[in-house]
Protein chains: 2
Amino acid sequence: MELRQLRYFVAVAEELHFGRAAARLHISQPPLTVHIKRLEQTVGATLFDRTSRSVQLTAAGTSLYPRALAILDDVNRASAEVGLVAEGQVGQVRLGFVSSASYEVVPLALREMREEHPGISVDLEPLVTGEQLEALMQHRLDLGVVRDAPLHPGLDFVTLREERIVAVVPADWRIALDESAGLGTWKRCSGYVVALWSAEE
Amino acid sequence: MELRQLRYFVAVAEELHFGRAAARLHISQPPLTVHIKRLEQTVGATLFDRTSRSVQLTAAGTSLYPRALAILDDVNRASAEVGLVAEGQVGQVRLGFVSSASYEVVPLALREMREEHPGISVDLEPLVTGEQLEALMQHRLDLGVVRDAPLHPGLDFVTLREERIVAVVPADWRIALDESAGLGTWKRCSGYVVALWSAEE
DNA sequence: GGACCTTACGCTTTACGTAACGATA
DNA sequence: TATCGTTACGTAAAGCGTAAGGTCC
């Protein structure tokens with residue numbers, strides 16, 4: 001069975017007239033007759049009771065008609081939506097992320113995605129760094145959000161944000177008291193020293 | 001888009017190898033390449049990322065694959081079931097009946113249908129005789145169950161059963177008292193005469 | 001060099017249109 | 001006789017296979 005035959009069948013089923021159906025299909029009647037006969041042969045059933053005066057659907061034809069419509073509709077929708085997927089208007093992104101990214105990075109990114117690419121759904125997968133790298137290599141993920149991953153052949157890395165690392169130590173520890181330890185800034189806070197320095201230093 | 005192209009696409013999508021897909025389809029590789037390229041052209045999207053080392057589905061191809069499977073499956077099911085309809089194993093019968101037939105004739109017939117033709121569903125329509133005849137002529141019904149209909153051109157009539165007509169009259173009516181009135185049998189019953197005679201008489 | 005996808009080309013099959021035929025009212 | 005579906009046949013298009021070309025290990 002071929003889609004062409006289903007298209008021809010639908011035209012005849014709707015017109016109940018080979019001449020008009022052929023005109024609608026922009027072909028002449030004879031090939032239409034041939035295609036319908038071949039379709040009848042492949043499904044093993046007469047689809048139309050036809051005399052020179054009238055064309056009527058048989059029970060088999062009546063049962064085929066809605067199925068044929070549905071199939072042709074599915075085909076058209078599939079074709080259209082595959083085009084949209086290719087254009088990036090519709091689709092799915094599988095995103096892995098370390099759980100600590102769920103506080104700011106991921107929620108902000110999701111909000112931006114919803115606004116700028118409403119047709120793209122995001123499949124969220126909380127995974128530790130190593131699992132993400134493995135999943136990315138096996139194409140089970142499209143994107144990963146990690147902290148401090150070692151460069152990995154076959155994967156591209158982009159810095160999303162740089163964070164300051166905070167050390168909190170008892171105020172009487174040696175590092176806290178040694179102002180020459182290379183700390184950027186520090187302050188005393190309820191008995192502890194909180195030191196901040198930037199990642200890039 | 002044609003079904004052949006979807007079949008070829010599915011083969012390549014499952015094998016991820018043009019050579020093996022072609023072998024599975026019992027054709028040589030070159031026509032397969034051509035068909036895939038044409039399919040890609042009609043849907044407006046590249047379906048495979050292919051190098052001489054590997055063939056991989058693109059996002060568009062990934063979205064097409066399950067749709068193609070569903071379409072091909074629908075086509076096969078449609079073909080098979082249309083065949084069954086033609087053989088009379090599956091289908092629907094639209095049955096009209098006068099309400100008085102709902103006591104015995106219709107229930108017995110339905111029980112027999114369920115047992116002997118489990119694939120046939122019966123659409124029941126309670127209608128008076130005139131409505132049934134009209135609906136039958138317009139092919140809105142397949143069968144009608146009526147009482148005592150006048151023969152109608154274009155319709156076949158079959159006697160399902162012959163019923164005895166019962167007259168119940170006060171016992172002092174003249175017909176009740178006249179034993180030569182042609183009644184088959186009669187009996188007195190709480191002040192009435194109940195007379196029975198057969199339709200064929 | 002080998003594996004694999006693609007392009008080129010000749011041949012077979014399929015599809016289409018015109019014309020002739022058959023059936024029905 | 002007019003309408004409409006079918007069959008016959010010549011031509012155009014599509015599909016396939018073999019052979020040659022390109023690219024990546």
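Nothing in this text is a laboratory measurement; each read-out follows from the coordinates by a stated rule. In this text, all values refer to a predicted model and were calculated from it rather than measured experimentally. Counting neighbours? That spans all protein chains shown, and the Cβs are built from the backbone with ideal geometry, glycine included.
The figures follow:
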read-out	value
Estimated distance in nm for a label pair at B:ARG147 and A:VAL168, the labels positioned 7 Å out from Cα along Cα-to-Cβ	9.3 nm
Copies compared at A:GLU134 - label distances in nm, ascending, label defined 7 Å from Cα in the Cβ direction	7.5
Segment B:50-170 - Rg over Rh from alpha carbon coordinates, Kirkwood radius	1.33
Exercise: per-residue mean of other protein chain Cβ atoms within 10 Å, A:42-53	2
Amide hydrogen neighbours beyond the local backbone of B:VAL145, cut-off 5 Å, H modeled	B:GLY96, B:PHE97, B:VAL98
Cα gyration tensor shape of segment A:91-145, rounded if a/c is under 1.5, else prolate or oblate by comparing a/b with b/c	oblate
Two-site label geometry, B:LEU108 and A:SER54: point separation in nm, points 7 Å out along Cα→Cβ	3.4 nm
Cβ-vector label at 7 Å, A:ARG4, separations to other copies in nm	0.8
Overall form of segment B:1-43 per C-alpha gyration tensor (a/c, 1.5; a/b vs b/c)	prolate
Inter-copy separations for B:SER190, label at 7 Å along Cα-Cβ, nm, ascending	9.6
Per-bin percent of Cα-Cα distances, segment A:3-86 [5 Å]	3, 15, 24, 24, 16, 8, 6, 3, 1, 0
Average Cα contact separation per residue, chain B, under 8 Å, 6 or more apart, as relative contact order %	13 percent
